Amino acid sequence: GNPDRWRALREMLAIKPATGNRAIASHGNPIFAVAGAPYLGEGEALIIAPTRGDFEVIARLRAAL
């Protein structure tokens, strides 16, 4: 219920790494809190891109089970 709970994650996702890419492993709750619905399933991942002070979801990668 606290909107500031995931502030650090949102800020980190909004900053482009100096070099290369960044990989973050997480449970679904933090990602849902900062990126919104739909909730990530088991083994799913998001590809995000930093934008001007925020980020956007570029793609969802679904696990082939």
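Worth pointing out:
- Cα centre as origin, Lys/Arg/Asp/Glu Cβ charges: the chain dipole, Debye: 120 debye
- Pairwise Cα distances in the chain exceed 14 Å in 59 percent of cases.
- Sequence ranges 44-51, 19-26, ranked by mean other-Cβ count within 10 angstrom, highest first: 44-51, 19-26
- If you plug the beta carbon distance of ASN2 and ALA64 into 1/(1 + (r/R0)^6) with R0 = 22 Å, you get a FRET efficiency near 0.05.
- Per residue, region 1-43 exposes 80 Å² of solvent-accessible protein surface, assessed with a 1.4 angstrom probe and all protein chains in place.
- Loop-resident chymotrypsin sites (Phe, Trp or Tyr not before Pro) (DSSP state other than H, G, I, E or B) in the chain with no more than 13 further Cβ atoms inside 10 Å of their Cβ: TYR39.
- Computed over protein heavy atoms with a 1.4 Å probe, the carbon and sulfur contribution to the accessible area of the chain reaches 54%.
The values are calculated or read from the model by the stated rules, or taken from the named source; none is laboratory data. Just so we're clear, the structure is a prediction, and the values are computed from it rather than from any experiment. FYI the Cβ positions are ideal-geometry reconstructions off the backbone, even for glycines, and counts take in every protein chain you see. Keep in mind that these areas ignore ligands, DNA and RNA; they rest on the heavy atoms of the full protein, side chains included. Shrake-Rupley method; radii C 1.70, N 1.55, O 1.52, S 1.80 Å.
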